[in-house]
Amino acid sequence: MIKERMKSLQEFGKTLPHAKVYYREDWDCIYFDLLGKQFGLMSKEATDKSFITLKGNPETNEILRETYDDIIPGYYANKKHWNSIYLKTSEITNKEMYQMIQTSYDLVWKNLPAKIRKEHQEKS
């Protein structure tokens, strides 16, 4: 189940405009990349400890952590802005994870310089 979920999350990430999802050797993880900026990190192997780390709104991040046992402050990330979600979870559906990936992507997109956003919107 974890392996299938990991594949599904990567496939979803690749559907987002200008996004790349790949194994990043220097970090030894699956890297979700938007024009050179990180919008997610995921364990490279499927185990009970595998997780995905995604950016979120700080207030929403707190609520998610209080609501779900399988969401913790971002592993090796700014705890205010990033959450890690255990992929073994049965509390959170793939669809909900897709929405979290989308949110992370949107937050990173909004923080890109206006010139870069404009340049890439025209290419879309």
I'm checking my understanding of the structure. Among residues of segment 36-55 that are surrounded by fewer than 17 Cβ atoms within 10 Å (Cβ to Cβ) and not acidic (Asp, Glu), which one is farthest from Ser84 (Cα to Cα)?
Gly36
Which listed residue is over 21 Å from Ile2 (Cβ atoms) and within 15 Å of the chain's Cα centre (by Cα), from Asn94, Asn83, Asn57, Asn111
Asn57
Filter segment 85-115 for residues that are outside any loop (DSSP other than H, G, I, E, B), open to solvent by 30 Å² or more (accessible area, probe 1.4 Å), farther than 14 Å from Lys37 by Cα and without any contact (Cβ under 8 Å) to a residue 60 or more places away in the chain and give the result.
Tyr86, Lys95, Glu96, Gln99, Met100, Thr103, Ala114, Lys115
Residues of segment 10-35 being of a type in the set (S, T, N, Q) and open to solvent by 50 Å² or more (accessible area, probe 1.4 Å), which ones?
Thr15
All strands (runs of 3 or more DSSP E) inside segment 1-78 with 1 or more residues being more than 23 Å from Leu112 (Cβ to Cβ)
19-24, 51-55, 71-73
Single condition Lys118 does not satisfy, out of (1) modelled with pLDDT of 95 or more; (2) part of a helix (DSSP H, G or I); (3) within 21 Å of Leu34 (Cβ to Cβ); (4) open to solvent by 70 Å² or more (accessible area, probe 1.4 Å)
(1)
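The values are calculated or read from the model by the stated rules, or taken from the named source; none is laboratory data. As the structure is a prediction and not an experimental result, all values here were calculated from the model. Every residue, glycine among them, receives a Cβ derived from its backbone with ideal geometry; neighbour counts consider all protein chains shown. Quick note on the areas: whole protein, heavy atoms, side chains included, nothing else; ligands and nucleic acids left out. Shrake-Rupley method; radii C 1.70, N 1.55, O 1.52, S 1.80 Å.
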